[in-house]
Structures are given as structure tokens and as C-alpha cells.
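J.: Just dropping this structure here.
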Amino acid sequence: MASYGMKRKRDEDQSDSSNRFHSSQLQLTTEIMEKTKNIMSEVVKKIQPLKTTSETTEFHQYIKNIISNMDKSKEKKKTIGILGYTGEGKTTLLNALLGKRYILPSGCNGACTAVVTQVEANLTDHNYTAEIEVISKEEWETQLKDLLSIKKSQSKDKNKDLTDDAIEKITALYGTDAKDKTFEELKKIDIPVFANNKKDVSCIEVSEFASELKRYVQHNTSRTGHWYWPLVKSVKIKIPDCRELLEHIVLVDLPGSGNCNKARANLWKSKLRDCCSVWILSNINRAVNNKDAWEMLNHCYQDMVQAGECRDFNFICTKSDEMDPGEYNSTLEKQIPEDKNQMTNCILHRNKRAKETLEKSLENSEFKNENIHLQVFTVSSKAFFNHNLGVRRDDTEIPQLQDVLKKINKSINQELSRNYIKEASGVLSLIQSFQSDRRKRMAEADMKKGLLLNLEKALEKLEYQFDMLRCFLDKGLSDGVDKSEKSCLDDAKEIISPDLPQGQGGFRKILQDLCRNGGSHTSKAWKRNIDLNKCLAKHMYENMNPRFNLIFPVNTKTGISVQELIDKFSIIQPDTANPPSLILQYINKFIKSQEDKLKELLKHEVVNKKKEIYTSVEATIQNAMASCYKEAAEKTGEGSTKEKQRILKTRIESLKPDIFRNAKKAVLIKTNELMEYIKKSMEFVLKKLIRYSFAKAIQNTMWDVSKEIEELEKLSAQLTDNTG
């Protein structure tokens, strides 16, 4: 055991060394950023026109606005989604990552995280805070009627899980005696959180915070009355003193496959589409043989990738410390010796086997050619805090996951600093260019004329390229329309009137909820998501996806993507790239820095808009079916299920000549709107840049900033050394 203890010490020393390295790099990057901001702050104070005219006043305000916007501009935080079914250890993992054992309450007898829970850094003070959003009173009363109906149902296909779930929600909120009360009686009971549809929590002490939070996120059947988790839509938690981990990152704890509540389901999809990375959790004892993790990835893939921005997936095998060496040995051909290290050796052996098996599964899966990056981690959150469980600190792999977060955070910090220094240097270059009389320089007029001509040509070329992409996408959509019109009714029957396996009941209630929720329902009874809109859209997506993925990829070059066309766009062409004078070089530097900033903003807009473009297929179908869903939901009583089925089938049959053509039209309209926005933004911003860069009335009205330019060059070199 001495050697084991020594190795644990070496591992911890290495981990501490890594932490110190990350901290020192973060600190240096922060210092460089602050020095740059101080330089620009002093520049702003000095901006006073030496000759006051309307043109000089306008120009100086333009410079001030650029510098002010530099301070305001922030990289959008990266969202990492954590997916897993109840009991897989999501909350415990989050606690371990944050280094606080009990900060987030984990589940007891039920699902702790049935709602979207967001965790990020508190960068303003040292309090633990939570913003808890609840559904409206009207939404709850609609749900309450359904819950009471389920509880009282005497139907032959009554589902016990749904009944138990209904009773748990009612008693959690109103108390144990509530299950025998009527809707009107329960309606009269005052629920304080409905006053503002939210609850704010703020505490200095972590124990007080965790205790206060429990009532809103912890599902515990032994506690009833004034437990508000059935009402909660989302929770946003902010943790102090974790800048190094989460300054630019949001961790989102997502329920496994959406939610049967419509508001929660929409929020779930929205958050999933914002994820740049997704961690899928599964108990290590089930991860290797269980299909749940792969089914979860398959179910979410469309929302994460085509309708989102995710290309990075991690499989997290949890609870790796839960090991019975004797039982595990019985599964092996070559058994692990029974000695003092048997527990540790069995854990490490299973960890290695789990990784190899899951990595091989990816190679044999439908995702192998999807250009996704996947890693496998085997973690023990309990052993991270308790060293007596036979797992070294580094073997818990919590430090490795913390390093993943730190590297992302550091990368964003460095990118922000690089961009800030680059833009600051460009602004100072423009200011410096006005240090001499520019009216006598004919080269300026030639360069201005050349830049305007380059802009005109670049916009014409971009329009031609966009037109080619629209035609390319149109073909895939047209094929999707033809296929959908032919097979939509047969496809829909799989959901509307399925052939159910023996013993799989509850269809009447599922169909009712599907109609009430606008065509989709997450069934706890069937443990899967049922979505008629997605079913009707599947052939549109099958034919659209190959082309859409080339036009709007995620972190991949395809040669024709909108992002690549933006990258290639520039008015700094060979004829204007190497101007003859220092003044014109200064102007070039300013234009290039602002052009690069504009292109980054436009590429971010492409990522956001492509989500709307992609989901417009399903949204168009859902909107067309909305009145039909409402009509079907209103049918109750004996024979209502068959009547619902008839209404849905009839409506699909009547809509099919138009519904898919309208979906195609919606995609093309939104795509065209995005492309027009890109062109107009390029034209407006770049013409403005050129106008101010060559404003003749500004010469000799600005001060010398050559020293500030030198300081920025030193800081830029220092940052490069730090990132290298």
C-alpha cells in the first residue's frame, strides 16, 4: 500500500502543478487584457478635436463608439449540456466539478433534475445565487386537471407509473391530504411562487443555499407540501470563486429526453441547440451493454447538430467506484488476483474495458462518418471526495474533466484578448494616420477608389455564390417534398395508430397529451419521445440534410459553406494590400481589423440563424397542424381515441399538397433573408469604414499615438508567448 500511497501523492502533485499552470496563464492573460483596456481608456479621455467642425465631431464620436463597443463586446458563453436519465449521477458530477460536495441537492427517491438546471460562475460577488422560473398559474391548473384525471381513471389501459407520478406531484405541492381533494378545492390553496412566476435565492453559506434550493429542484416522495419542483420550468445557479472553470462556460443539466410538459420541452430543445459540447452520462455497469446512451445521442443528434452547433460529445461512465471484485472477477477469463489492491485493479480494469468498448461502438455506429469528436471518461464523483474508496484522485477522472473546462475557458480568454488587442491596434493606427497633411497625397485617392471598387466586385461575387447555394439547397428540398407527399400518411400511422407490444398500455393518454402539446409528447410510460411533427418532417430532412450540412456545417470546412464565403470576403486585395506609404499602411491595418471583426460577428449570426432555418420545416408543419391538434384534443369520452385518429389522418391527407411545399418555401425564405443580411451588413459597414478612413478634414486634428501602438505590439507579443 506504500507504493499506492506514493503514486497517489505523485498524481496529486501533477494535478496541483497543472492547476497552477492554468491559473498562471489565466492571470497573465487577464493582466494583458487590463493593460490594453487602460491604454484605450486613456485614449478616449484624450479625444478632443483640435479643430471643431461637424465632420471632426462626428469622426471623434465614431472612434469613441468603436472603443466603447470593444469593452461591451463579449464572446457568447459556451454551453455544455449534461444529459442523463434519472439516477445516473449528473448532480453529483456537477458537485465534484465545482469542488463542493453538497452544493446542488441530488435526488433521493425520484428525479431531482426534471427541469433544465443551468450552472455558471458568479463574477460579481461571493454569493451563491439561484434564479428559479416557474410555469404560470394557468399552465399549472391545466396540468392539475390532467393529473387528477389520471389519478381517478378506471381505464383498462391505466398506467401505474403515470398514476404514481400524478399523485407525487399533487402531494409534493399541496400535502398528503390533497390527493383526495377536488380541482376546485386545490385551486383555492395559495401558492406563493405564482405571485411573480419566479423565486430568487441568494446565500453566503453553501449549506444554507443548498437547503433553500431543495424545495425547488429535489423530488423526494417522503416530503410533501410546499415542495415546488412540479412547477419549476428552469433554474439558473451562479457559483462564486470558479472563474477559472466557468468564466465563459455554462453547464446545463438537461433531463434525459425532454419533458412531457410543453413549456419545459421547448426550453429543453432551445438549450440543447445552444450546446457546443454534450456530455452523455450512464452508470458504468450499464454503459457498455445498455443502448440508452446511444438512443439518447440518436434522439438528440438532430437538435444538437443540424439545428444546433455541437460537434463534441463525451460519454461519461459514472459511479466507477461501485465495484464488487468477486462478482466482477466472475465475468473475466483471466481473473484479477485477490490481494490488497484487488479493488483498485478491478476498477481500473473495468474502466479501460468500458472505454475500449464504447470507442469501438462508435466506430460501428451510424455516427462514425459524421465528423464528430467523441471522448470517453470513467468517473467517480464520490471517490473524488472520499479517498477511502480505493480510487486515486486522478483515476476518478474528475480532474481531467475539470481540465477540459479550464482549457475551453482559457482558449476563450486568449481569443478575446487577441481580438481586443488587434482591434485596439487598428483603431490607434487610424488615429496615427491623421498625423500629417493627407490632402496632397494622390495615393490616398487611388487607394480609396480601389477599395470601393474591390467592395463592389466582392459583393457581386458573393451574390453569385449565394445564388448557387440557394439552387443547391432547393434541389434537396424539392426531393423531400416529393417523398413526403407520397409517404406522409403511412409514416404518421406509426404514431397515430401504432401496433403496440403486449402489455404496453397508456396509448389513450399519450395520444391525448400529444394533441394537447402541439404534436409531441415525452412518454414516461414508453420511455421515449413521440413527435408527429418530426415524423411528418423526416423525409424533408433526409433529403435536405446532406446539402444543408455542406452549406451550414459546424466547425468543419466543406469548401462551399456560408461561413467560408464570409471568411474569404475582403476588400483588401493584392492591388491594395501593400500601400506605398506608412499612412496608407495604418489605414489598411484599421480596415482589416474592423473587417475581421465584422466577419466574426456575421459568422456568429449564421450559426444562430441556421437554427431557425433548419427548424422552420418542423415549425411550418406544426403550425399547419395546430388547429387539428386542438380539435382532436377536445374529443373526450368513449370512442374519443378513434375520433382523434380520424381527425389527424384526415387533416394530413388534406394538407399534404401544400404543407411540404410551404415548409420548403419557409427554408428558402429564411436562407435568403440571412444572405441578404450578410451582403447589406458588409456593404454598409465597409463603406462607412472607407469614408471615415479617408476623411480629408480630419488631418492634423488628432494626437500622436505611436507610443501606445508600440505598447500594444509588446502586449500582443507577450500574449502570443503565453498562448504558445
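J.: For region 699-710, indicate whether the set of residues that are free of Cβ contacts under 8 Å to residues at least 12 places away in the same chain and within 30 Å of Y420 (Cβ to Cβ) is non-empty. So that I can check it myself, show each step before the final result.
T.: We begin by selecting, within region 699-710, every residue free of Cβ contacts under 8 Å to residues at least 12 places away in the same chain; these are 707, 710.
Imposing the further condition that a residue be within 30 Å of Y420 (Cβ to Cβ) reduces the set to 707, 710.
Yes, that holds for at least one residue.
J.: A follow-up question, please. Please specify each residue of region 627-641 satisfying the condition of being surrounded by 12 or more Cβ atoms within 10 Å (Cβ to Cβ), within 34 Å of the chain's Cα centre (by Cα) and small (G, A, S).
T.: Within region 627-641, just A633 meets the criteria.
J.: Run Q27 past the list (1) open to solvent by 70 Å² or more (accessible area, probe 1.4 Å); (2) at pLDDT 60 or above; (3) more than 32 Å from the chain's Cα centre (by Cα) and report the number of the one that doesn't hold.
T.: Status for Q27: all satisfied but (3).
J.: Tell me which residues, restricted to region 176-229, are closer than 25 Å to T163 by Cα, over 26 Å from the mean Cα position of the chain (by Cα) and hydrophobic (A, V, I, L, M, F, W, C).
T.: A178, F183, L186, I189, I191, W227
J.: Give me the pairs: first residue in region 52-81 and among the charged types (D, E, K, R) and at pLDDT 75 or above, second residue in a helix (DSSP H, G or I) and open to solvent by 60 Å² or more (accessible area, probe 1.4 Å), beta-carbon distance under 7 Å, and six or more apart or on different chains, which are they?
T.: K76/H604
J.: Looking only at residues that are assigned to a loop (DSSP other than H, G, I, E, B) and of a type in the set (K, R) in region 330-368, which one is modelled with the highest pLDDT? Full working, then the answer.
T.: Restricting attention to region 330-368, the residues satisfying the condition of being assigned to a loop (DSSP other than H, G, I, E, B) are 330-341, 364-368.
With the extra rule that they be of a type in the set (K, R), the set shrinks to 334, 340, 368.
On the way: K334: 89, K340: 83, K368: 65.
Taking the candidates together, the pick is K334.
J.: Check F660 against each of (1) in contact with a Ser or Thr (Cβ under 7 Å, 6 or more places away or on another chain); (2) within 30 Å of N454 (Cβ to Cβ) and name the one condition it does not meet.
T.: (2)
J.: What helices (runs of 4 or more DSSP H) lie completely within region 529-580 and have 1 or more residues being under 30 Å from G450 (Cβ atoms)? Don't jump to the end; show me each part of the working.
T.: Working: elements: 532-551, 562-568, 574-577.
Answer list for region 529-580: 562-568, 574-577.
J.: Sticking with this one: Among the residues of region 187-201, write down those that are out of contact with any Phe, Trp or Tyr (no Cβ under 7 Å at 6 or more places or on another chain) and either surrounded by 13 or more Cβ atoms within 10 Å (Cβ to Cβ) or part of a strand (DSSP E or B) (or both). Steps first, answer last, please.
T.: To start, the set of residues in region 187-201 that are out of contact with any Phe, Trp or Tyr (no Cβ under 7 Å at 6 or more places or on another chain) comprises 187-188, 190-192, 194-198, 200.
If the condition is that a residue be out of contact with any Phe, Trp or Tyr (no Cβ under 7 Å at 6 or more places or on another chain) and either surrounded by 13 or more Cβ atoms within 10 Å (Cβ to Cβ) or part of a strand (DSSP E or B) (or both), then K187, I191, F194, N197, K198, D200 are the ones that fit.
J.: List the residue pairs whose Cβ atoms are under 7 Å apart, where the first residue sits in region 308-325 and is on the phi > 0 side of the Ramachandran plot, the second is outside any strand (DSSP E or B), and the two are 6 or more positions apart or on different chains.
T.: K319/G89; K319/I284; K319/S380
J.: Here is a further query. Can you tell me how many residues within region 656-695 are at pLDDT 95 or above, more than 28 Å from the chain's Cα centre (by Cα) and open to solvent by less than 60 Å² (accessible area, probe 1.4 Å)?
T.: 4
J.: Could you tell me whether K534 is closer than 27 Å to P657 by Cβ, within 22 Å of the chain's Cα centre (by Cα) and modelled with pLDDT under 95?
T.: It is true that K534 is closer than 27 Å to P657 by Cβ, within 22 Å of the chain's Cα centre (by Cα) and modelled with pLDDT under 95.
J.: Looking at C108, C112, which is the one that is over 30 Å from R418 (Cα atoms), touching a helix residue (DSSP H, G or I) at 6+ places or on another chain (Cβ under 6 Å) and at pLDDT below 85?
T.: That would be C112, the only listed residue that is over 30 Å from R418 (Cα atoms), touching a helix residue (DSSP H, G or I) at 6+ places or on another chain (Cβ under 6 Å) and at pLDDT below 85.
J.: Restricting attention to region 642-655, and to residues there that are free of Cβ contacts under 8 Å to residues at least 40 places away in the same chain and of a type in the set (K, R), which single residue is surrounded by the fewest Cβ atoms within 10 Å (Cβ to Cβ)? Walk me through it before giving the result.
T.: Step one: list which residues in region 642-655 are free of Cβ contacts under 8 Å to residues at least 40 places away in the same chain, which gives 642-643, 646-647, 650-651, 654-655.
From the residues that got through so far, the ones that are of a type in the set (K, R) too are 642, 646, 651.
Details: K642: 11, R646: 14, R651: 19.
Within region 642-655, the match that is surrounded by the fewest Cβ atoms within 10 Å (Cβ to Cβ) is K642.
The values are calculated or read from the model by the stated rules, or taken from the named source; none is laboratory data. The model shown is predicted, which means the values in this text are computed figures rather than measured ones. Positions of Cβ are generated from backbone atoms using ideal geometry, with glycine treated the same way; all protein chains shown enter the neighbour counts. Heavy atoms of the whole protein, side chains included, go into the accessibility calculation; ligands, DNA and RNA do not. Shrake-Rupley method; radii C 1.70, N 1.55, O 1.52, S 1.80 Å.
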